[in-house]
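Novice: Let me begin by handing over the structure; questions about it come next.
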Amino acid sequence: MHILVLGAAGMVGRKLSERLLRDGRLGKTDITAMTLQDVVAPAQPAKTGFPVNTVTCDFAVPGAAEKLVADRPDVIFHLAAIVSGEAELDFDKGYRINLDGTRMLLDAIRLVGGGYKPRIVFTSSIAVFGAPFPEAISDEFFHTPLLSYGTQKAIDELLLADYSRRGFMDGIGIRLPTICIRPGLPNKAASGFFSNILREPLAGKEAVLPVSEDVRHWHATPR
Ligand SMILES: NC(=O)c1ccc[n+]([C@@H]2O[C@H](COP(=O)([O-])OP(=O)(O)OC[C@H]3O[C@@H](n4cnc5c(N)ncnc54)[C@H](O)[C@@H]3O)[C@@H](O)[C@H]2O)c1
């Protein structure tokens, strides 16, 4: 099985790649090759039992996605995105990468032809939802994103569902909650302060809580 990871140099991308490299398998299937892609050069892993190719490129420029899927990876993890705060600050960049890039990727897969139908795992976000929230969010809860980022993810989810329905791919979208604690310096995610309020005090630093103390939020933490 050949696995392609887009956004492999990011926080989730690095965790996922390390785990796949360590296990050497996905589910019950052995991995025979991996391609790690990001606009920031992904680290070239040492000593792997199968070939690992690293690709540094912007997947959202015309022609890039076609090259990435040309050798027909069986499973594609699409994690490449710009985060909520940046997509809000730079409208054009947000729509270009988070929406147009994703559409170009899905079309590149569709146009490979010859019965190619990869599994594609797309990281969506709870940002597709907008407050006020019910006690539990069911499948019937409306998508009312409050930011451009959530709108882009919601549209991507619809595209993924429709391209899967049409038989071009076997897609699944996962709505990640805020992943804490983000290592390193704060990033441009609007929800970044959820990491800051845990990370900074642990380092003996002061942190600012920019929302009221009764705000409820969803977190997940990688091991
Ligand atoms: N971390 C969270 O709390 C969270 C929550 C909900 C959803 N998500 C989603 O999960 C995915 C991974 O999140 P993360 O926390 O690892 O983010 P991250 O910012 O750490 O990683 C995203 C990666 O995508 C890369 N990228 C951005 N634009 C690109 C482009 N045009 N071409 C190639 N690579 C590009 C970045 O360089 C970065 O390495 C994203 O799709 C994000 O929207 C994350």
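Novice: Which residue pairs have Cβ atoms under 7 Å apart, sit 6 or more places apart or on different chains, and have a first residue in the stretch 9-30 that is more than 11 Å from the ligand (Cβ to nearest atom) and outside any helix (DSSP H, G or I) and a second that is among the acidic types (D, E) and open to solvent by 70 Å² or more (accessible area, probe 1.4 Å)?
Specialist: G24/D30
Novice: Now for a different question. Among the residues in the stretch 27-41, are any in contact with a strand residue (DSSP E or B) (Cβ under 7 Å, 6 or more places away or on another chain), open to solvent by 20 Å² or more (accessible area, probe 1.4 Å) and at pLDDT below 95?
Specialist: no
Novice: Being in a loop (DSSP other than H, G, I, E, B), of a type in the set (V, I, T) and without any contact (Cβ under 8 Å) to a residue 40 or more places away in the chain is the requirement here; does I181 meet it? Steps first, please.
Specialist: On the way: in a loop (DSSP other than H, G, I, E, B): yes; of a type in the set (V, I, T): yes; without any contact (Cβ under 8 Å) to a residue 40 or more places away in the chain: no.
No.
Novice: For the stretch 87-165, which fully contained helices (runs of 4 or more DSSP H) count at least 3 residues that are surrounded by fewer than 19 Cβ atoms within 10 Å (Cβ to Cβ) and either more than 16 Å from the ligand (Cβ to nearest atom) or not assigned by TED's automatic domain parsing to the domain that holds D58 (or both)? First the steps, then the outcome.
Specialist: Values: elements: 91-94, 102-110, 148-165.
Hits in the stretch 87-165: 148-165.
Novice: Taking the conditions exactly as written (within 15 Å of the chain's Cα centre (by Cα), within 12 Å of the ligand (Cβ to nearest atom) and not assigned by TED's automatic domain parsing to the domain that holds R223), does A189 satisfy them or not? Give the steps one after another, and end with the answer.
Specialist: Numbers: within 15 Å of the chain's Cα centre (by Cα): yes; within 12 Å of the ligand (Cβ to nearest atom): yes; not assigned by TED's automatic domain parsing to the domain that holds R223: no.
So A189 fails the test.
The values are calculated or read from the model by the stated rules, or taken from the named source; none is laboratory data. Not measured: the values here are computed from a predicted model. Here the Cβ is made from the backbone with ideal geometry for all residues, glycine too, and neighbour counts use every protein chain on show. In case anyone asks, the SASA skips ligands and DNA or RNA and just uses the protein heavy atoms, side chains included. Shrake-Rupley method; radii C 1.70, N 1.55, O 1.52, S 1.80 Å.
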